[in-house]
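Quick notes on the structure that follows.
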Amino acid sequence: MADLDKLALAMPLATKEVSDDGRPSYHVHRKMFCFHRGRRPDAIDPKTGDRMADVLMFRVADLDEKDLILSDGRGIYFTTPHFKGYPAVLVRIPSLRRLKRNELRDLVVGAWLTRAQKRVAKAWLAENEPDAPEE
């Protein structure tokens with residue numbers, strides 16, 4: 001979670017809010033791009049049958065990207081019926097340690113890009129993303 005916090009808050013204009021029970025959410029332009037979900041009836045731990053209290057939601061660009069991320073065979077990413085048709089993926093907090101830091105960075109950057117104003121996103125991409133290969 002410390003890496004998530006650093007990566008999310010490193011994005012331009014990103015802010016963090018913390019709920020009364022300590023769950024963080026990350027915003028840009030008052031739009032949420034990642035947050036720690038509360039216990040919900042649609043996210044049940046398959047081992048215990050309890051509602052999961054350790055689920056993070058990350059926005060993604062579109063449903064195609066969601067499907068691509070969900071196809072990762074490691075079982076890190078998932079969704080629930082609540083997110084059917086919504087461009088977001090879920091990750092359990094203990095699964096963050098199974099992600100390489102650059103994978104987590106890509107997830108955070110992608111989520112941020114879905115909510116940042118176009119001019120802000122374009123400026124950030126121009127400074128931070130590698131140039132396209134020359135032909």
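The values are calculated or read from the model by the stated rules, or taken from the named source; none is laboratory data. Here the structure is a predicted model, which means the values were calculated and not measured. Every residue, glycine as well, gets a Cβ built from its backbone with ideal geometry; the counts of neighbours run over all protein chains shown.
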Task: Single residue of Glu103, Glu127 found to be under 23 Å from Asp5 (Cα atoms), more than 14 Å from the chain's Cα centre (by Cα) and either part of a helix (DSSP H, G or I) or among the hydrophobic types (A, V, I, L, M, F, W, C) (or both) - done: Glu127
TODO: State whether one or more residues within the range 35-55 are of a type outside the set (Ser, Thr, Tyr) and closer than 24 Å to Val120 by Cα.
DONE: yes
Open item on the list: Conditions first: (1) surrounded by 14 or more Cβ atoms within 10 Å (Cβ to Cβ); (2) in contact with a strand residue (DSSP E or B) (Cβ under 6 Å, 6 or more places away or on another chain). His82 passes all but one, so which condition is the exception?
Closed with: (2)
Task: Within the range 1-50, tally of residues that are surrounded by fewer than 18 Cβ atoms within 10 Å (Cβ to Cβ), among the hydroxyl-bearing types (Ser, Thr, Tyr) and in a strand (DSSP E or B) - done: 1
TODO: Can you run down the residue pairs with Cβ atoms below 8 Å, 6 or more apart or on separate chains, where the first is in the range 70-85 and closer than 15 Å to Arg59 by Cβ and the partner is in a loop (DSSP other than H, G, I, E, B) and modelled with pLDDT of 90 or more?
DONE: Leu70/Thr79
TODO: Kindly provide the set of residues from the range 51-90 that are of a type outside the set (A, V, I, L, M, F, W, C), within 12 Å of the chain's Cα centre (by Cα) and either closer than 22 Å to Asp21 by Cα or assigned to a strand (DSSP E or B) (or both), ordered by number.
DONE: Arg59, Tyr77
Task: Leading residue by the ranking (modelled with the highest pLDDT) among those in the range 52-74 that are touching a Lys or Arg at 6+ places or on another chain (Cβ under 9 Å) and not aliphatic (A, V, I, L, M) - done: Arg59
Task: Selection status of Gly75, of a type in the set (Gly, Ala, Ser) and within 21 Å of Asp3 (Cα to Cα) - done: yes
Task: Candidates Gly49, Gly110, Gly38, filtered to the one that is at positive phi and either touching an Asp or Glu at 6+ places or on another chain (Cβ under 8 Å) or at pLDDT below 90 (or both) - done: Gly49
Open item on the list: Within the range 87-117, take every residue that is out of contact with any strand residue (DSSP E or B) (no Cβ under 9 Å at 6 or more places or on another chain) and without any contact (Cβ under 8 Å) to a residue 24 or more places away in the chain and give me the one that is farthest from Asp64 (Cα to Cα).
Closed with: Arg97
